[in-house]
Each structure stands twice: as C-alpha cells, then as structure tokens.
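Chemist: Pasting a structure here, questions to come.
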Amino acid sequence: MFPFEVLSSEASAANLLEQVRWRDGLYCPRCRSESVIEHGSYRQYQRYLCKSCDRTFNTKTGTIFAHAKIGLDKLFFAFYSLLRFNTSIRQLDAELDVSYRTLRRRVEQFARTLDAPAIDLVGPVEIDELYVTAGLKGRERDSRSRSRGLSIRGRGTYDEDKPPVFTLVDRGSGQRYVVPTKSADESTARLLLGNSEKESLTVYTDGFRAYDPLDDDENYQREAVIHGEGEYVDGDAHVNTCESHASLVRRWLSPHRGVSKDKLTPCLRAFQLRRRLLRKPGREALEDIVRAVL
C-alpha cells in the first residue's frame with residue numbers, strides 16, 4: 001500500500017529519516033562520536049550538538065538530502081514513485097510542481113549513491129547479454145548529431161553507443177544480476193562468472209562465441225542452446241530466465257526516452273533496487289530506499 005502517512009508532510013518524512021538513520025544509535029556524522037546532546041531545532045528537524053567536535057548537525061547532515069531545495073516528503077515521493085512505478089522525471093516534475101532540472105539532479109544523485117550488487121554465485125548460473133541504445137544524451141557533442149545514430153542493429157559496443165548489459169541468474173540462490181559493461185567478450189564473461197566459491201560452476205549459455213572457451217576450462221561445466229538452430233531448451237539448459245529479465249530491463253529504460261551511457265550504471269543499480277522492493281509493502285519499501293542511500 002502507498003505510504004500516505006509518511007509522505008503527507010515533511011515532518012512525517014523527517015521522522016522516518018530519523019528512525020532509519022539512527023536505528024543503531026545517535027552519533028556525530030563528522031567525528032563519529034556518540035557524545036551528543038539535543039541543541040534546539042532546525043525547521044522540522046531536531047538539531048544536535050557534538051560535545052567532541054563542538055559542531056551541530058541534524059538528521060539530514062552528510063546525506064544526499066542535505067541542502068536540498070525540495071522538501072523531504074517530495075524527495076521521498078519522487079524516489080518511491082521512480083522505483084515502484086518507474087515514473088519518468090517529467091511526470092514527477094508535473095506531479096510535484098518542482099523545477100525539472102533540480103529534480104533531475106536529485107534523482108541522478110540518488111542513483112549514484114546506490115551500491116553495486118555484490119555478485120556471489122552458487123550455481124547453476126544462466127548468463128546472457130542484451131544491447132541497449134545509450135549515447136550522449138544531455139551532453140554537448142563535438143560534432144554534428146547523427147540522424148539515426150542509435151539505430152544500429154545487432155551486437156554493439158560502448159564506443160558505438162550500444163553498450164552490452166549482461167544478465168546473470170543464479171538458480172541456486174535465486175539472485176539476479178544486471179551488469180553493464182564496455183564490451184561483450186570472453187574476458188568480461190570470465191570476470192562475471194569468477195565470483196563463485198565452487199570449483200566447477202555449471203553455466204547455461206546461448207551460442208554466443210564469447211562463451212565457447214568455457215568448454216575447455218575445467219572450472220566450468222558449460223551447457224549451451226543454439227538459438228540459430230532453433231534450439232531454446234535442452235533439459236535444464238536454457239537462458240529463458242535471463243531473457244525474461246532482460247525484457248524488464250528494456251521496459252525500465254523505455255519511459256526515460258534514452259539514457260546517457262555514462263549514467264547507465266547508476267540507472268541499472270536503481271533497477272536492481274526496484275526488484276528487491278517488488279514484494280514489500282509501502283512503508284517497508286520506503287524504509288529500504290532510505291537505508292540504501294544512507
């Protein structure tokens with residue numbers, strides 16, 4: 001359910017931020033000292049005084065919410081709507097009556113603070129790749145724009161404005177990973193699959209030639225399905241889960257009308273956070289969003 005009670009006012013949002021940030025105890029964000037006392041207030045926020053460094057702070061100090069021109073309740077609404085409903089920044093701009101440039105800057109800052117997922121493979125693992133159109137959106141170009149510069153079909157590279165994105169599905173743990181890369185080759189595949197503690201990892205792939213060297217590697221047991229020969233499932237061997245997850249990635253990117261390739265990584269980290277919040281109720285999901293950026 002939508003967390004109306006938290007987003008109804010800035011005071012309610014400030015209360016949630018305080019509960020999440022100080023859940024393990026109050027401390028000074030500058031010197032980490034726990035010798036802290038209350039020291040007046042700042043708008044809806046309790047102000048504190050650190051007795052060690054003799055400086056004041058509030059709940060927003062040292063976070064992406066500090067010095068924001070947008071109210072905390074509006075920022076929470078923007079982050080929640082972005083992750084839960086994949087709302088575009090243009091639509092959020094209309095809903096919140098906030099400057100588009102200011103809101104975009106805060107959303108991009110939010111995405112950059114998200115941690116990269118730690119890949120820990122149990123196996124067996126499906127691996128597949130997709131290619132997304134990501135050029136120089138929002139940046140000045142050194143030359144004249146191409147009329148159809150991002151319409152290249154087939155496999156691409158980062159330099160061709162069509163970077164590859166690998167999807168990994170760990171059937172053992174149920175985890176799914178989305179990792180943008182600069183090239184789709186053997187070294188990249190080995191780097192992604194190397195995050196496993198097993199001596200021999202079972203890997204399911206399609207017929208892409210970058211996976212062929214895994215056949216001769218004793219660290220992997222590769223089983224492949226060749227789509228070009230009309231083969232999509234062979235017993236347990238298939239990459240259908242990866243392809244299903246890739247369709248969700250494309251749907252996630254589509255409302256934003258193109259993503260700059262240097263912002264693709266934080267954008268996909270937001271997508272992974274969205275997947276973790278999928279089955280959680282509104283307030284719990286919002287708390288996880290706040291915890292992720294702290």
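The values are calculated or read from the model by the stated rules, or taken from the named source; none is laboratory data. Note that this is a predicted model, so its numbers are computed, not measured. Glycine also receives a Cβ, built like all others from the backbone with ideal geometry; neighbour counts cover every protein chain displayed. Keep in mind that these areas ignore ligands, DNA and RNA; they rest on the heavy atoms of the full protein, side chains included. Shrake-Rupley method; radii C 1.70, N 1.55, O 1.52, S 1.80 Å.
Chemist: List pairs: first in the range 71-86 and assigned to a loop (DSSP other than H, G, I, E, B), second among the acidic types (D, E) and surrounded by fewer than 22 Cβ atoms within 10 Å (Cβ to Cβ), Cβ under 6 Å, 6+ apart or cross-chain?
Modeler: G71/E10
Chemist: In the range 236-287, how many are touching a strand residue (DSSP E or B) at 6+ places or on another chain (Cβ under 9 Å), within 18 Å of F77 (Cα to Cα) and assigned to a loop (DSSP other than H, G, I, E, B)?
Modeler: Of the residues in that region, 0 qualify.
Chemist: Could you run through the range 87-100 and say how many residues are closer than 17 Å to C267 by Cα and either part of a helix (DSSP H, G or I) or open to solvent by 60 Å² or more (accessible area, probe 1.4 Å) (or both)?
Modeler: Qualifying residue count, the range 87-100: 3.
Chemist: Considering (1) touching a helix residue (DSSP H, G or I) at 6+ places or on another chain (Cβ under 9 Å); (2) modelled with pLDDT of 90 or more, say which one L49 fails and leave the rest.
Modeler: Of everything listed in (1) touching a helix residue (DSSP H, G or I) at 6+ places or on another chain (Cβ under 9 Å); (2) modelled with pLDDT of 90 or more, L49 misses just condition (1).
Chemist: Name the pairs whose Cβ atoms lie under 7 Å apart, with the first residue in the range 54-68 and under 14 Å from E10 (Cα atoms) and at pLDDT 85 or above, the second small (G, A, S) and open to solvent by less than 70 Å² (accessible area, probe 1.4 Å), and 6 or more positions between them or separate chains?
Modeler: T59/A14; K60/A66
Chemist: Quickly run through the range 197-226 and pick out the residues that are of a type in the set (G, A, S) and either free of Cβ contacts under 8 Å to residues at least 24 places away in the same chain or closer than 30 Å to R84 by Cα (or both). Quick ask: steps written out before the conclusion?
Modeler: Pass one, the range 197-226, residues of a type in the set (G, A, S): 200, 207, 210, 224.
Hits for the range 197-226 are S200, G207, A224.
Chemist: Can you name every residue in the range 1-48 that is farther than 21 Å from A78 by Cα and assigned to a strand (DSSP E or B)?
Modeler: If the condition is that a residue be farther than 21 Å from A78 by Cα and assigned to a strand (DSSP E or B), then V36, I37, E38, H39, G40, S41, Y42, Q46, R47, Y48 are the ones that fit.
Chemist: Regarding A285, is this residue of a type in the set (A, V, I, L, M), open to solvent by less than 50 Å² (accessible area, probe 1.4 Å) and within 30 Å of A14 (Cα to Cα)?
Modeler: Spelling it out, A285 is indeed of a type in the set (A, V, I, L, M), open to solvent by less than 50 Å² (accessible area, probe 1.4 Å) and within 30 Å of A14 (Cα to Cα).
Chemist: Please name all residue pairs, on different chains or six or more residues apart, with Cβ atoms under 6 Å, provided the first residue is in the range 1-19 and is open to solvent by less than 80 Å² (accessible area, probe 1.4 Å) and the second residue is polar (S, T, N, Q).
Modeler: Hits for this filter: V6/S12; E10/Q44; A11/Q44; A14/Q44; L17/T59; E18/T59.
Okay, residues lined up against (1) modelled with pLDDT under 90; (2) farther than 30 Å from T241 by Cβ; (3) among the β-branched types (V, I, T):
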| site | (1), (2), (3) |
| --- | --- |
| Y27 | yes, yes, no |
| C31 | yes, yes, no |
| R101 | yes, yes, no |
| L114 | yes, no, no |
| E126 | no, no, no |
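Chemist: Take the residues in the range 262-271 that are open to solvent by 20 Å² or more (accessible area, probe 1.4 Å) and out of contact with any Asp or Glu (no Cβ under 8 Å at 6 or more places or on another chain); name whichever of them is farthest from A116 (Cα to Cα).
Modeler: The extreme case among them is D262.
Chemist: What about T59, is it closer than 19 Å to R291 by Cα, part of a loop (DSSP other than H, G, I, E, B) and open to solvent by 20 Å² or more (accessible area, probe 1.4 Å)?
Modeler: Details: closer than 19 Å to R291 by Cα: yes; part of a loop (DSSP other than H, G, I, E, B): yes; open to solvent by 20 Å² or more (accessible area, probe 1.4 Å): no.
No.
Chemist: Does A210 satisfy the condition of being closer than 24 Å to S173 by Cα and surrounded by 14 or more Cβ atoms within 10 Å (Cβ to Cβ)? Steps first, answer last, please.
Modeler: Details: closer than 24 Å to S173 by Cα: no; surrounded by 14 or more Cβ atoms within 10 Å (Cβ to Cβ): yes.
Taking the combined requirement at face value, the residue does not satisfy it.
Chemist: If I ask for residues that are in contact with a helix residue (DSSP H, G or I) (Cβ under 7 Å, 6 or more places away or on another chain) and open to solvent by less than 70 Å² (accessible area, probe 1.4 Å), which ones from the range 105-118 would you list?
Modeler: R106, V107, E108, F110, A111, T113, L114, A116, P117
Chemist: Considering only residues that are touching a residue at least 40 places away in the same chain (Cβ under 8 Å) and open to solvent by less than 50 Å² (accessible area, probe 1.4 Å), look in the range 227-252 and name the one that is farthest from the chain's Cα centre (by Cα).
Modeler: So the residue we want is H238.
Chemist: Looking at this structure, is G154 assigned to a loop (DSSP other than H, G, I, E, B) and at pLDDT 80 or above?
Modeler: no
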